[in-house]
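Beneath this line is the structure, given in structure tokens, with notes to follow.
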Amino acid sequence: MKKEYDVLKARKAQQKYCDEEGLPLFAPFTGICFKCGKNIYEEEEYRRGNTFVKKGIDVDKATNELVTGCPHCSMSYVD
């Protein structure tokens, strides 16, 4: 199954998840990382040696897991 990357849907899903679970919203409300300036809810491809790695928070993950850091630069939003 292909992962869905949609910034607006993922932002809303993460807010709803936090509200329903009684958890604090650690992720930036806009989705823009405080450190690297990339949107955490967008997929980006990185080269690691001879392979490519895709990073980003998809809608499913934002719906079901607490986002605590940036998938691009690894900054923690909890500290």
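If R0 equals 30 Å, the separation of the Cβ atoms of Thr51 and Leu25 corresponds to a calculated FRET efficiency of about 0.35. On a per residue basis, the chain carries 67 Å² of accessible surface, using protein heavy atoms and a 1.4 Å probe.
I'd like the orientation of helix 7-21 relative to the chain: the angle between its Cα long axis and the longest Cα principal axis, in ° from 0 to 90, rounded to 10. With both axes taken from Cα atoms, the answer is about 40 degrees. Among the protein heavy atoms of the chain, carbon and sulfur supply 49% of the accessible surface, probe 1.4 Å, non-protein parts ignored. Positive end of the dipole of the chain (Cβ unit charges, origin at the Cα centre): among Cys70, Val59, Gly22, the Cα lying farthest that way belongs to Cys70. Once you reduce the range 27-44 and the range 49-65 to the center of their Cα atoms, the two points are 13 Å from each other.
The values are calculated or read from the model by the stated rules, or taken from the named source; none is laboratory data. In this text the structure is predicted, and so the values were computed from the model without any measurement. As a convention, Cβ positions derive from the backbone with ideal geometry for all residues, glycine included, and neighbour counts pool all protein chains shown. Just so you know, the surface numbers come from the protein's heavy atoms only, side chains and all, with ligands and any DNA or RNA stripped out. Shrake-Rupley method; radii C 1.70, N 1.55, O 1.52, S 1.80 Å.
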